[in-house]
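J.: One structure is given below, represented as structure tokens, and several questions about it will come after.
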Amino acid sequence: MNDVIQIWQFAIPIALAAVGEVVSQRSGVLNIGLEGTMLGGAFVAAYVGLTTGQPWLGLTAGIVVGLLASLLQAWFVLVRAADQVVAGTAINLLALGVTGTLFRKAFGESGQLLSVPTLPKFDGLDAVMLATPIIAVLAAASLRRTGWGLLTRASGEYPTAVEAEGFSVRRLRLGAMAIGGALAGAAGAYLSVGIVGSFAENMTQGRGFVAIALVTFGRWHPIAAVGAGFLMGGLEWLQFKLQAQGGGQIPFQLLLALPYLAALAVLVVGAKGTRGPAALGQPLQRDA
């Protein structure tokens, strides 16, 4: 049972980020900046949790950072009609540079091992672990069964038709990006105050990119994306367990790469025969 709980815990950051990315992509916005948003959330959550002694405040701060990052990216892609991949890459580079600089400024040139208070757990479970499947179900139901969900999905498929009906594609995409940013910030924050209890430079280590891959593997469905996130959580748990046991004759570099090799494999296999939102990555042609 302890192994199952640990796998569940490892899965949360990728699963949360993937749910938010599903919502964003369904509206037509590809958030390549997911990695940077998670990293910013992780740093701020660790800093606030450490200085206040309250991990819940750290988690909240991480969510706020995710929202701010999504608003910054929205200004580029929705207002300035910038290329979504370029804007997301800029967010990633900005987050990497800013968090690294602030970390060294606050805790020394080479950094130091921080001990950040973590979320309280009951029988190995915390509130975020319990909330993640619920969030996925709510996201799936909202996208499929509400007027907002219909319009959001239409924004990712036929944005001109949405605007012809008098609705604002820009606002719909902004809302979807805000949801995605908040969940990405929470995902990064959970790394700091839910799992590790610390922070290190670039501690997300590609999890944001893995989450993007899982959106495709999950066919743009929140629940399927969470299921794929649990698969990645299991592989991450496995590589830690194998390292702890010595790994036998397997090079440790291969063990570290195991979750990412698996993500590449599922992307190659899962992408066959799939079709994303028709307007995914396309800028708005006019003001909404």
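The values are calculated or read from the model by the stated rules, or taken from the named source; none is laboratory data. This is a predicted model, so every value here is computed, not measured. Don't worry about glycine lacking a Cβ; one is built from the backbone with ideal geometry, like all the others, and counts go over all protein chains shown.
J.: Looking only at segment 15-29, decide whether some residue is assigned to a helix (DSSP H, G or I), modelled with pLDDT of 95 or more, within 16 Å of residue 99 (Cβ to Cβ) and not hydroxyl-bearing (Ser, Thr, Tyr). Before you say what the answer is, go through the steps one by one.
T.: So the first thing to find is which residues in segment 15-29 are assigned to a helix (DSSP H, G or I), and the list is 15-26.
Subset that is modelled with pLDDT of 95 or more: 15-26.
Filter again for within 16 Å of residue 99 (Cβ to Cβ), leaving none.
Looking through segment 15-29, none of the residues is assigned to a helix (DSSP H, G or I), modelled with pLDDT of 95 or more, within 16 Å of residue 99 (Cβ to Cβ) and not hydroxyl-bearing (Ser, Thr, Tyr).
J.: So, one more: Looking at this structure, is residue 168 within 22 Å of the chain's Cα centre (by Cα) and among the hydroxyl-bearing types (Ser, Thr, Tyr)? Step through it out loud before you land on a result.
T.: Working: within 22 Å of the chain's Cα centre (by Cα): no; among the hydroxyl-bearing types (Ser, Thr, Tyr): yes.
No; evaluated as a whole, the condition is false for this residue.
J.: Scan segment 221-243 for residues that are within 23 Å of residue 142 (Cα to Cα) and either without any contact (Cβ under 8 Å) to a residue 40 or more places away in the chain or surrounded by fewer than 22 Cβ atoms within 10 Å (Cβ to Cβ) (or both) and jot them down.
T.: Kept after step one, since they are within 23 Å of residue 142 (Cα to Cα), are these residues of segment 221-243: 221-230.
221, 223, 224, 227, 230 - these are the residues of segment 221-243 that are within 23 Å of residue 142 (Cα to Cα) and either without any contact (Cβ under 8 Å) to a residue 40 or more places away in the chain or surrounded by fewer than 22 Cβ atoms within 10 Å (Cβ to Cβ) (or both).
J.: Got a number for residues in segment 69-83 being touching a residue at least 24 places away in the same chain (Cβ under 8 Å) and under 19 Å from the mean Cα position of the chain (by Cα)?
T.: 6
J.: Restricting attention to segment 105-133, report how many residues are over 30 Å from residue 3 (Cα atoms) and either surrounded by fewer than 12 Cβ atoms within 10 Å (Cβ to Cβ) or touching a residue at least 12 places away in the same chain (Cβ under 8 Å) (or both). Walk me through it before giving the result.
T.: First, the residues of segment 105-133 that are over 30 Å from residue 3 (Cα atoms): 105-111.
With either surrounded by fewer than 12 Cβ atoms within 10 Å (Cβ to Cβ) or touching a residue at least 12 places away in the same chain (Cβ under 8 Å) (or both) added as a condition, the list becomes 105-106, 108-111.
Selection size over segment 105-133: 6.
J.: Checking the structure you have, find out if any residue of segment 163-175 is of a type in the set (Ser, Thr, Tyr) and either in contact with a Pro (Cβ under 9 Å, 6 or more places away or on another chain) or outside any loop (DSSP other than H, G, I, E, B) (or both). Walk me through it before giving the result.
T.: Restricting attention to segment 163-175, the residues satisfying the condition of being of a type in the set (Ser, Thr, Tyr) are 168.
Subsequent filtering for residues that are either in contact with a Pro (Cβ under 9 Å, 6 or more places away or on another chain) or outside any loop (DSSP other than H, G, I, E, B) (or both) retains none.
No, segment 163-175 contains no residue that is of a type in the set (Ser, Thr, Tyr) and either in contact with a Pro (Cβ under 9 Å, 6 or more places away or on another chain) or outside any loop (DSSP other than H, G, I, E, B) (or both).
J.: While we're looking at this one, here's another question. Please list, ordered by first then second residue, the pairs with beta carbon atoms under 7 Å, 6 or more apart or interchain, first in segment 47-59 and more than 13 Å from residue 196 (Cβ to Cβ), second in a helix (DSSP H, G or I) and among the β-branched types (Val, Ile, Thr).
T.: 57/48; 59/193
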